[in-house]
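Beneath this line is the structure, given in C-alpha cells, with notes to follow.
The values are calculated or read from the model by the stated rules, or taken from the named source; none is laboratory data. From a predicted model like this one, the values you see are computed outputs, not experimental measurements. All Cβ positions, even for glycine, are placed from backbone atoms using ideal geometry, and neighbour counts span all protein chains on display.
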Amino acid sequence: MMNTQRWMVALLPLLLAACSQKSGEIEGVKSFENKGGDHQEGRVSYTQTPPAGGAHNPSWQNCGVYDQPLYNEYAVHSLEHGAVWISYQPTLASEQVTQLKQLAEGRTHTLVSPHEGQDSPVVVTAWNKQLAVKDASDPRIKTFLVKYEQGGEAPEIGASCSGAYNGTV
C-alpha cells in the first residue's frame, strides 16, 4: 500500500497539469484577434513581430524556404491563406536553420525565412496564433505546423500559396 501511495503522490502534479491545459492547446501559443480581407499597398505597421495577421498586400508570398527576410505584408497574406511562417533570427546557428528548413519539406503552405527584430530565436506564426521558442529542435514547432497549416483561424484556408510574389527584402 505504501508504494501505491507514493506513486499516486508522484503522479498527481502531472495529472493536474494535464487537466489544467485545454485539450489540443500547445503550451506557449499566444492568440490575437486580427480580421482578414484588408488589402493595402505599401508598408503596414503591425502589433506583433513577426505579424500574426491584419492588413496586408493584395499579393501573397509564395510559400517555400527563403534565405533572406520577407516583407511582412506579403507573408501576412499567405497566413490568411492558411500558411504557417517559421521565422528565425538572422544570427541563428546554421544547424538550427537546416532543422527548420527540413520541417518545411513537402509542405504546401509553409514559409521559412530569417526575420529582423524578433525577440526569440525562432517564432512560428499562423493567422492569430504565434509560438516563440529558443531552439529549432523544440517539438512544439512540428505540433504547431500540424495543427495550423491549413487549419486554425485563417480566413481563407485552401487558397493558393504559390503563383504570386517571390521576392525578398
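A single member of ALA83, ALA126, ALA154, ALA136 is at negative phi and either surrounded by fewer than 18 Cβ atoms within 10 Å (Cβ to Cβ) or without any contact (Cβ under 8 Å) to a residue 60 or more places away in the chain (or both), and it is ALA136. Taking the criterion of being among the small types (Gly, Ala, Ser), in a loop (DSSP other than H, G, I, E, B) and at pLDDT 95 or above, the residues of the stretch 129-169 that qualify are ALA136, SER137, ALA154, ALA159, SER160, SER162, GLY163, ALA164, GLY167. Checking the structure you have, find out if any residue of the stretch 52-69 is assigned to a strand (DSSP E or B), under 24 Å from LYS142 (Cα atoms) and touching a helix residue (DSSP H, G or I) at 6+ places or on another chain (Cβ under 6 Å). Yes, the conditions are met somewhere in the stretch 52-69. Considering the stretch 23-41, the residues that are out of contact with any Leu (no Cβ under 8 Å at 6 or more places or on another chain) and not in a loop (DSSP other than H, G, I, E, B) include one that is nearest to ALA126 (Cα to Cα), namely SER31. Taking the stretch 36-71 as the range and being surrounded by 24 or more Cβ atoms within 10 Å (Cβ to Cβ) and of a type in the set (S, T, N, Q) as the test, only GLN61 passes. Regarding VAL146, is this residue among the hydrophobic types (A, V, I, L, M, F, W, C) and within 18 Å of GLY64 (Cβ to Cβ)? No, not satisfied.
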